[in-house]
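A short reminder: the numbers here are calculations on the coordinates, not readings from a lab. Computed from a prediction, not measured in an experiment: that's the story for all the values here. When we count neighbours, we look across all protein chains shown, and the Cβ atoms used for this are built from the backbone with ideal geometry, even at glycine.
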Amino acid sequence: MPANLPPEYFEVERTLRQARTAEEKISIMEKLLSIIPRHKGTEKLVALYRSKIAKLKEEIEQRPTARRGQLFRIEKSGAGQVIIIGPPNAGKSALIRALTGVEVEVADFPFTTRTAAPYMMPFENIKIQLIDTPPITADFMETWLAEMIKMAEAVLVVLDTSSPDSSAQLEVIFNRLKEKKVELVSGETTVPPDRFPFLKRTLLVLNKSDLSEARAFQEELDILFGKTLDRVPVSAATGDGLETLRRRVFDLLQIVRVYSKVPGKKPDYDSPFILKKGSNIVDLARQVHKDFSEKLNYARVWSKQGTISGLRVTRDYLLNDEDTVELHL
């Protein structure tokens, strides 16, 4: 008996691909259960989701309870996790509010942010997780912050271009992280897997770049630090540079979006698969379904630029951002 699922089911089911945490998956599956019509044709599907929800809840219950002194951890979500650090009053929270549209506590006094908090930044058809953190000073850095930085995919260091202390504050941040064996490197740096926790691809975000002091501050950075880290001038207040920053954050993650296409049907452009740069057809097949990588015969690829249109490729073909792929078993 056919399931005859409504269109709303498929819209919600697509969001399940990007869910990373157990809590997110449970929420989406429970919504799917509320949508699925109840009849003989859907009995197996309903049972499958109920079984998955029960298993996820069991996993949550078995997590160790956090104790004081243990690692502060935020589950990764979206296309990647980017941690935002900086000195007091640099404008981290204001920047996150401008990038995400979410109300974040912002004030003109230091240490407004007292703990780590996750937010989702939209970029085209995906979302990237940004983590707001307490400030770093010469006298204070949260004990758990270095470990959070090690787990994140990339780092943004936010500086206030109008503050005469920003250069000294940047040096403090470098030194405090070096004490924890963490080094901030440029986005083009090749990071070996074993060095991933200790070498973090980083952007310097120069906030308040609309103010007159911005040019002098950039010249000061050139003299003191050279051009070891890429910079993006922005203004959280006016919105200048924010779209450029979104793109640069995406590039910093070194990922590609790939669209899956069923033969004879249009591709789904709303829920791309997220893979690391350098991934191939087999890596995509493994994400689509665990059995596909073994059964895969060949694939056809369409590029975003139109330079490739339905080209038949082998299993080791390297994927580019926004390729559309049709897998053939």
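Output ³J(HN,Hα) for the range 244-260: one whole-Hz value per residue in order, computed from phi by the Karplus curve 6.51 cos²θ - 1.76 cosθ + 1.60 with θ = phi - 60°, and x for Gly and Pro.
4, 5, 4, 5, 5, 5, 4, 4, 4, 6, 6, 10, 10, 9, 10, 9, 8
What shape does the range 255-328 have by the C-alpha gyration tensor, where a ≥ b ≥ c are the square roots of the eigenvalues, rounded means a/c under 1.5, and otherwise prolate means a/b greater than b/c and oblate the rest? Don't jump to the answer; show the numbers that get you there.
Details: a/c = 1.26, a/b = 1.15, b/c = 1.10.
The shape class here is rounded.
Show which aspartates and glutamates lie in cross-link reach of K25 when reach means a straight Cα distance below 19 angstrom and same-chain residues fewer than eight apart are skipped.
Candidates past the 8-residue exclusion: E8, E11, E13, E58, E59, E61, E75, D270.
Count the DSSP beta bridges whose two residues both fall in the chain, then state the antiparallel fraction as a percent rounded to the nearest 5.
In the chain, DSSP labels about 45 percent of beta bridges as antiparallel.
Where in the range 168-211 does the label zone of I223 land, with the point 7 angstrom along Cα→C-beta and an amide N cut-off under 19 Å?
Residues 168-172 fall inside that zone.
Please count, across the range 245-315, the pairs of lysine residues with Cα atoms under 25 Å apart that sit 8 or more places apart or on different chains.
So the count of such lysine pairs works out to 19.
Suppose a student asked you for the relative contact order of the range 255-328, using Cα pairs under 8 Å spaced at least 6 residues apart; what percent would you report?
40
N175 to A54: extension gain in nm, 0.36 nm per residue of separation minus the Cα-Cα distance?
38.9 nm is the gain from fully extending N175 to A54.
Of the residues K200, K150, K295, which exhibits the maximal mean-square fluctuation in a Gaussian network model of the chain defined by a 10 Å Cα contact cut-off?
Among K200, K150, K295, the largest mean-square fluctuation in the Gaussian network model of the chain belongs to K295.
Residue by residue through the range 17-27, what is 3J(HN,Hα) from phi via Karplus (6.51 cos²θ - 1.76 cosθ + 1.60, θ = phi - 60°)? Round to whole Hz and write x for glycine and proline.
Each residue's phi maps through the Karplus curve to give 5, 8, 6, 10, 8, 4, 5, 4, 5, 4, 4 Hz.
How big is the antiparallel share of DSSP beta bridges in the range 81-253, given as a percent to the nearest 5?
25
Where the centre of each part is set by its Cα atoms, how far does the range 303-329 sit from the range 143-193, in angstrom?
Computed from Cα coordinates, the inter-centre distance equals 37 Å.
Aspartates and glutamates near K180 by alpha-carbon distance under 20 Å, same-chain residues fewer than 8 away left out - which ones?
List returned: D132, D139, E142, E147, E153, E171, D194.
Classify the range 7-61 from the C-alpha gyration tensor, please: rounded if a/c falls under 1.5, else prolate or oblate depending on whether a/b exceeds b/c.
Oblate, because a/c is 1.5 or more while a/b does not exceed b/c.
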